[in-house]
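Just so it is clear, none of the values below were taken in a lab; they were calculated from the coordinates. Note that the structure is a prediction, hence the values are computed from the model and not measured.
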Amino acid sequence: MTTDYALEIPHGLSFLATHNLTREWPAWMSSPANQWPNVRIVHWSFDIMVGSGMLMLGLTLCAGVYG
């Protein structure tokens, strides 16, 4: 369970979730594996969301330039 080339931010999740650098946040690894989301579906959903946003940004820029 490693991520190659990950950018690690110390206490980043604690700050994001609780707005406090010193507060502990329970690890997701402590939950049973059958309750984890399907990583492949989540990843592809994120890719589709970002691609759709870039397409809309491109259409907006084209409409602004040519419209």
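Helix 39-66 and the long axis of the chain differ in direction by around 30°, with both axes built from C-alpha atoms. Rounded, prolate or oblate: which one fits the range 12-66, using the alpha carbon gyration tensor with axes a ≥ b ≥ c (rounded when a/c is under 1.5, else prolate when a/b beats b/c, else oblate)? Note, shape of the range 12-66 comes out oblate. Per-residue ellipticity at 222 nm computed for the chain from its helices equals -17500 deg cm²/dmol, with DSSP H segments shorter than 4 residues left out and the rest contributing -39,500 (n - 2.57).
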